[in-house]
1. Return yes or no: is Gly107 touching a helix residue (DSSP H, G or I) at 6+ places or on another chain (Cβ under 6 Å), closer than 20 Å to Glu86 by Cβ and of a type outside the set (Phe, Trp, Tyr)?
2. Name the residues in the range 138-157 that are farther than 18 Å from Pro88 by Cβ, touching a Pro at 6+ places or on another chain (Cβ under 9 Å) and part of a loop (DSSP other than H, G, I, E, B), would you?
3. Considering only residues of the range 107-128 that are near the ligand (Cβ under 8 Å from one of its atoms) and within 21 Å of Val163 (Cα to Cα), which is surrounded by the fewest Cβ atoms within 10 Å (Cβ to Cβ)?
4. Residue by residue through the range 158-173, note down the ones that are over 13 Å from Ser78 (Cα atoms), touching an Asp or Glu at 6+ places or on another chain (Cβ under 7 Å) and either outside any strand (DSSP E or B) or charged (D, E, K, R) (or both).
5. Take the residues in the range 136-154 that are of a type outside the set (D, E, K, R) and within 10 Å of the ligand (Cβ to nearest atom), then tell me which one is nearest to Ala80 (Cα to Cα).
6. Just one of the numbered conditions (1) touching a residue at least 60 places away in the same chain (Cβ under 8 Å); (2) more than 30 Å from Gln75 (Cα to Cα); (3) of a type in the set (Gly, Ala, Ser) is not true of Ser140; which one?
7. Starting from residues that are under 24 Å from Lys106 (Cβ atoms) and among the basic types (Lys, Arg), keep the ones in the range 142-163 and report whichever is surrounded by the most Cβ atoms within 10 Å (Cβ to Cβ).
8. Just to be sure before I move on: is Pro131 within 14 Å of the ligand (Cβ to nearest atom) and surrounded by fewer than 18 Cβ atoms within 10 Å (Cβ to Cβ) in the structure I sent?
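Just so it is clear, none of the values below were taken in a lab; they were calculated from the coordinates. Predicted model only: the values in this text are computed from it and were never measured. Backbone-built Cβ (ideal geometry, glycine too); neighbour counts: all protein chains shown.
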Amino acid sequence: MSVEDVFNPCAVAARRTLLLGAGAMGIVVLAGCGGDEPSAGAGGQPGGSSAPAAPTSARGNPFDDTGSGRSGDPQVPSNALVAAGEVPVGGGVVVKDTVLVIQPAKGTFRAYDAACPHEGQIVDPPFDGNPIIQCPRHNSKFKVADGSRVDGPATRGLKGIKVEVRGGYVVRA
Ligand code: FES
C-alpha cells in the first residue's frame, strides 16, 4: 500500500475491484466511493444530505415563537402578533397557530383564541366580509363581531384577546 493509498482508500478499492472483475461484488465495494465530486449536498451541507438548508434572516421572524425577531429588530414591538397590513380587510389570519386576528373594517382589529372551544381545532379565518368564523372540524360558528357562538357543537364562544395597533403591528394590548 502506497502513501497515496492511505489518503485515498477508494483507489485501493478500485484496484481490488478490477482484480475481482466487473461482478456485483465490485459494485458493492465501490458504492461508498464518490469519485471526484465534492461530498457536500444541496445547500452546502456536508455529508451529501439533500435537505435544504434552513432559511436565514438577519431580522428574524417577529411572529415565530423563538423571539429571535423580537430582539433582532427594535422596530417590531415585543408583543407583536402580525403586521397590520398582513390582515385582510373583511378577513383574518391565524398567527402562530394560536391567535385569530381579524380586520372586519379597515383599521378595526379584533383577536380571538383560534382554538375552537369544542375540541380545540384551529378555526378558519373569515374572508370577504363574512360575519361568521367557522370551525372546519364540526362546523361550529362564531360571530366575527364578538366571537360569540352562533351554532354547532361548541357550547361557548371564542375567547377574546385584547389587541391594538402600534407601529404598524397588531400587538397584544
Ligand atoms: S372542534 Fe370545532 S366544532 Fe368541533
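1. No.
2. His138, Asn139, Ser140, Ala154, Thr155, Arg156, Gly157
3. Of the residues in the range 107-128, the ones near the ligand (Cβ under 8 Å from one of its atoms) are 116-121, 123.
This time we only want the ones that are within 21 Å of Val163 (Cα to Cα), so: 116-117, 123.
Details: Cys116: 23, Pro117: 21, Val123: 26.
Selected residue: Pro117.
4. Once the filter is applied, which keeps residues that are over 13 Å from Ser78 (Cα atoms), touching an Asp or Glu at 6+ places or on another chain (Cβ under 7 Å) and either outside any strand (DSSP E or B) or charged (D, E, K, R) (or both), the range 158-173 yields Leu158, Lys159.
5. Of the range 136-154, the ones of a type outside the set (D, E, K, R) are 136, 138-140, 142, 144-145, 147-148, 150, 152-154.
Within this subset, residues satisfying the condition of being within 10 Å of the ligand (Cβ to nearest atom) are 136, 138-140, 142, 152-154.
Working: Pro136: 27, His138: 31, Asn139: 30, Ser140: 28, Phe142: 25, Gly152: 32, Pro153: 32, Ala154: 29 Å.
Here the answer is Phe142.
6. Only one criterion in (1) touching a residue at least 60 places away in the same chain (Cβ under 8 Å); (2) more than 30 Å from Gln75 (Cα to Cα); (3) of a type in the set (Gly, Ala, Ser) is unmet by Ser140, namely (1).
7. Lys143
8. no
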